[in-house]
Amino acid sequence: MNPLELSRSGSAVDGISRREVLRLASAAAVVGSVSRNSFAQAATAGSAASDKAKAFPEKFLRGCATAAHQVEGNNTNSDYWTMEHLPGSMFKEPSGDACDHYHLYPQDISMLADLGFNTYRFSIEWARIEPEEGFFSNAELDHYKRMLATCHEHNLNTMLTYYHFSLPRWFAVKGGWQQEKAADLYARYCEKVTKHMGDMVGYASTMNEPDVPQLLDWLDLPGLPAGMSLTQAMQAGAANVRKQLNAPDFGDFFFGDPMKTRDGLLAAHAKAREAMKSVRPDMPVGFNLAMSDDQAAPEDRHLEEKRHAVYAPWLDAAKKCDYLGVQTYSRSVVGKKDLQPAKGVELTMTGMEFYPECVEHVVRYAAKETGVPIFVTENGIATEDDTRRVEYYQRAVAGLKRAIDDGVDVRGYVAWSLMDNFEWQSGFKPKFGLVAVDLKTQKRTIKPSAAILGNIARRNSL
Ligand code: BGC
């Protein structure tokens, strides 16, 4: 029996209490497979706690993130579910039951708290709450209210994302973010949600990574037909989906005119923020921005051009927010496009350079540009070698600490992701999780990195 496994019911296997399992996780996990270096750091946990120089600010948020469509399973009224099931779909596999977090959230949230974290960032699914235009399901609203209540029972701070990529199918069929009424429809949903559960929300986010369509356009992707930009490829993809669905206006987050989508998202963000604030003026509202650690190539410098095209409108929008969530995974060396990672550098399962210092650099830049408090709301690595995840997180939080020591106003750090999950077009292959999930049995297995990052969280210190 592996002492680190939790059963589907959430009770530990073979009569050991979950607390005991998690205590074992903290100690035994390290012995099994982590490098000596990590073992030494974990062993000196006690002395680190007393070392003020290594401590993060009081009330620092430390958590893990998930997104509804990636973990809940059976999100059948969403645009993603539809696209995943089209003949010749560009998705490697459908999301199916995913991690069945829709039903297993009580044990997952309790596991997150037991690991030492004090914050859970998760998203609610518009396609469940408003499965048909104008019909709001109280049962689904109550479901998410129960999730928030479960977080409170475990003394967890909550970060709630109202929209994380997947949309109700009816909204996508009408043109997604490009339709005229998009902002009003979205604000109406946000108002309903805030009325229903806003009093239980710690930090609200209007949307996750609205800049991704622009960011993708800077990638120089080897798989694209010659001369075709990613935007053009996405538009071709959209045309295909429209034909198959016999829905001439179909548009989602990725499939549409990226500039029109961006305008729609900016308007929707502003209206949603207003709607949320009108219900709960004291609720901190912000959003989550995808940010690469952009570094200028020695020649052919286009760094400022990229920043202007991708981030500028959103950094402006952030100035009116209570906070900005930044999400970063690696660096990009920016020429006319983002250059391919140099030969020989270590790559993660999603083809990114192993570069944990992106966190330090991105928080410095975002804080300087916006002047609002910064939270790292996603950071992590896709790898099957958990020792690399341990090193990644140790270097990432060390860099974050350097920035904080220099006076950068960072209020929290949230890892992506609590568990291995559905990585969109790539299916379940990339492993971003601190916890492994057996997709057949839904058994969770805590990885060493979870115990180590959880210990850092518990001590609130390096
Ligand atoms: C997204 C997540 C995604 C993660 C890893 C972020 O851009 O918010 O949904 O799983 O990156 O690719």
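The values are calculated or read from the model by the stated rules, or taken from the named source; none is laboratory data. What you are looking at is a predicted structure, and each value in this text was computed from that prediction instead of being measured. Ideal geometry is used to build each Cβ from the backbone, glycine not excepted, and the neighbour counts take in all protein chains shown. Just so you know, the surface numbers come from the protein's heavy atoms only, side chains and all, with ligands and any DNA or RNA stripped out. Shrake-Rupley method; radii C 1.70, N 1.55, O 1.52, S 1.80 Å.
Below are the figures for this structure:
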{"read-out": "Shape call, region 412-457: gyration tensor on alpha carbons, a/c limit 1.5", "value": "oblate"}
{"read-out": "Positive minus negative residues near Asp294 (Lys, Arg vs Asp, Glu; Cβ under 9 Å)", "value": "+1"}
{"read-out": "Cut-off 18 Å, label 7 Å out along Cα→Cβ of Ala267, residues of region 204-229 by amide N", "value": "207, 210-211"}
{"read-out": "Per residue accessible area of region 137-278, 1.4 Å probe, in Å²", "value": "41 Å²"}
{"read-out": "Residue-level accessible surface for His361, protein heavy atoms, 1.4 Å, Å²", "value": "70 Å²"}
{"read-out": "Inter-label distance for Asp51 and Gln235, nm, one decimal - labels placed 7 Å from Cα along Cα-to-Cβ", "value": "5.5 nm"}
{"read-out": "Charge tally in the Cβ shell below 15 Å around Asp316, where Lys, Arg are +1 and Asp, Glu are -1, Asp316 excluded", "value": "+3"}
{"read-out": "Charge-dipole axis of the chain as Lys and Arg at +1 and Asp and Glu at -1 on Cβ define it, positive-most pick from Phe354, Ala113, Phe165", "value": "Ala113"}
{"read-out": "Probe 1.4 Å, protein heavy atoms only - accessible area per residue of region 296-356 in square angstrom", "value": "51 Å²"}
{"read-out": "Spatially proximal lysines relative to Lys337 (Cα-Cα < 16 Å; intrachain offsets below 8 disregarded)", "value": "Lys306"}
{"read-out": "Charge dipole magnitude, Cβ of K and R +1, D and E -1 - region 164-222, Cα centre, debye nearest 20", "value": "440 debye"}
{"read-out": "Shape of region 330-399, Cα gyration tensor, a/c cut at 1.5", "value": "oblate"}
{"read-out": "Reachable lysines, given that their alpha-carbon falls under 18 Å from the alpha-carbon of Lys54 and they are not under 8 places away in the same chain", "value": "Lys401"}
{"read-out": "Cα centroid separation, region 128-164 to region 408-462 (Å)", "value": "21 Å"}
{"read-out": "Beta bridges per DSSP with both ends in the chain, % antiparallel, nearest 5", "value": "25 percent"}
{"read-out": "Computed [θ] at 222 nm, helices only, for the chain once each DSSP H run of length n ≥ 4 contributes -39500 (n - 2.57)", "value": "-13000 deg cm²/dmol"}
{"read-out": "Over 31 Å (Cα to Cα) - which of Lys174/Lys440; Lys277/Lys443; Lys343/Lys429; Lys145/Lys431; Lys243/Lys320; Lys145/Lys443 fall in this group", "value": "Lys174/Lys440; Lys277/Lys443; Lys243/Lys320"}
{"read-out": "Farthest toward positive dipole pole in region 68-115 [+1 Lys/Arg, -1 Asp/Glu at C-beta], among His103, His69, Thr82", "value": "Thr82"}
{"read-out": "Summed residue charge, Cβ within 13 Å of Thr383's Cβ, Lys/Arg positive, Asp/Glu negative", "value": "-3"}
{"read-out": "Apportionment of accessible area to carbon and sulfur, region 232-302, percent (1.4 Å)", "value": "49 percent"}
{"read-out": "Shape call, region 206-246: gyration tensor on alpha carbons, a/c limit 1.5", "value": "oblate"}
